[in-house]
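The values are calculated or read from the model by the stated rules, or taken from the named source; none is laboratory data. These figures come from a predicted structure and were not determined experimentally. Neighbour counts run over all protein chains shown; Cβ positions are idealised from the backbone, glycine included. Keep in mind that these areas ignore ligands, DNA and RNA; they rest on the heavy atoms of the full protein, side chains included. Shrake-Rupley method; radii C 1.70, N 1.55, O 1.52, S 1.80 Å.
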Amino acid sequence: QVQLVESGGGLVQAGGSLRVSCAVSGGSVSSYQVAWFRQAPGKERVFVAVINRSDISYVANSVKGRFTISRDNAKNTVYLQMNNLKPEDTAVYYCAARSSVCYGDHCSYNYWGQGTQVTVSS
């Protein structure tokens, strides 16, 4: 059974940086398409970024130029590097995985982590 555990969230001032991690167990991260989503208080969960098994990645327009997704196969971990953070980036960040390739930001994912809180103060 694949399990995902997020870490690295916290409190940061606007303009600062944070890197959140998604550690994968029960399978090789290189075999999965892994995405990051976020959910702000009172709002729906939305897509942030994705990296597929061929290392093709893209991020949502709202974070383009500020966020980068990457993968370390040796550590079985996917990262989301967040720079120039804004108060509107405040949310719980979730990672999710699926075994087959799916293009677009409306793919369904089989495995989800519990989330990590990111809070950006103004």
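Brief remarks follow.
- Only one of the listed residues (Gly8, Gly27) is surrounded by 14 or more Cβ atoms within 10 Å (Cβ to Cβ) and modelled with pLDDT under 95. That residue is Gly27.
- Residue count for segment 50-86 under the criterion of being part of a strand (DSSP E or B), open to solvent by less than 30 Å² (accessible area, probe 1.4 Å) and in contact (Cβ under 8 Å) with a residue 40 or more places away in the chain: the result is 6.
- Residues that are open to solvent by 50 Å² or more (accessible area, probe 1.4 Å) and more than 13 Å from Tyr94 (Cβ to Cβ), drawn from segment 30-48: Ser31, Pro41, Gly42, Lys43
- A single member of Tyr103, Tyr109, Tyr94 is aromatic (Phe, Trp, Tyr), open to solvent by 30 Å² or more (accessible area, probe 1.4 Å) and part of a loop (DSSP other than H, G, I, E, B), and it is Tyr103.
- Residues being within 10 Å of Cys95 (Cβ to Cβ) and not hydrophobic (A, V, I, L, M, F, W, C) - total across segment 16-29: 1
- In segment 22-41, the residue that is nearest to the chain's Cα centre (by Cα) out of those that are within 19 Å of Gly9 (Cβ to Cβ) and outside any strand (DSSP E or B) is Ala40.
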